[in-house]
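**Q** Below are the structure tokens for one structure; questions will follow.
All of the numbers you see were taken from the coordinates with simple rules; none came from a lab. Here the structure is a predicted model, which means the values were calculated and not measured. For neighbour counting, all protein chains shown are included, and Cβ atoms are generated from backbone atoms with ideal geometry for every residue, glycine included.
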Amino acid sequence: MSRILAVDPGDKRIGLALSDPTRMIATPLETILHVSREADAESILKKAQTHDVISIIVGVAYDDEGNVGPQARKALRLIETLEQLGDIPVKSWDESGSTQAARRQSMPDPDLDSRAAAVILQDYLDAQSF
């Protein structure tokens with residue numbers, strides 16, 4: 001079986017998380033620094049290729065009413081760039097509250113963004129029936 005990569009896009013940092021090969025458990029992978037949309041997409045795609053990823057899940061931060069705000073628009077543009085530059089299927093996933101959930105898991109640390117990506121991915125994995 002192959003893995004799924006989750007992306008928690010932010011203005012300064014981008015958290016990445018990876019599923020196990022059975023696609024049951026999400027684990028924080030790493031945090032990369034935001035450079036530009038295209039450079040970020042290329043870095044994400046390289047990580048996906050390195051880890052034999054079959055799908056990329058990008059967290060989209062909708063507002064309290066489920067509308068697309070500024071952060072969601074940035075995530076949706078990242079999805080478009082990933083689709084243009086790569087051949088791995090990319091899906092959006094509502095990431096509302098993922099950073100807060102990651103903060104509740106432990107003390108603040110440099111891995112907060114990758115832990116938020118793991119929260120997004122675990123939520124996605126739990127909702128699927130592979």
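**Q** Mind checking which of TRP93, PRO9, SER114 is farthest towards the positive end of the chain's charge dipole, using Cβ charges of +1 (Lys, Arg) and -1 (Asp, Glu) about the Cα centre?
**A** Most positive-ward Cα: SER114.
**Q** Another question about this same structure. Taking Rh as the Kirkwood radius computed over C-alpha pairs, what is the Stokes-Einstein D of the chain at 10 °C in a medium of viscosity 1.306 mPa s, expressed in µm² per second?
**A** Working: Rh = 14.3 Å.
Estimated diffusion coefficient is 111 µm²/s.
**Q** Place a +1 charge on the Cβ of each Lys and Arg in the chain and a -1 charge on the Cβ of each Asp and Glu, then give the dipole magnitude about the Cα centre in debye, rounded to the nearest 20.
**A** So the magnitude is around 180 debye.
**Q** Another question, then. Suppose the chain between ASP11 and HIS34 were pulled fully straight at 0.36 nm per residue; how much longer would it get relative to their current alpha carbon spacing?
**A** 7.6 nm
**Q** On to the next question. How large is ³J(HN,Hα), in whole Hz, for each residue of the range 25-32 in order, when computed from phi with the Karplus curve 6.51 cos²θ - 1.76 cosθ + 1.60 and θ = phi - 60°, using x for Gly and Pro?
**A** The phi angles translate into 10, 9, 10, x, 9, 5, 10, 10 Hz.
**Q** Considering only DSSP beta bridges where both residues belong to the chain, give the percentage that are antiparallel (nearest 5).
**A** Expressed as a percentage, antiparallel bridges in the chain total about 50.
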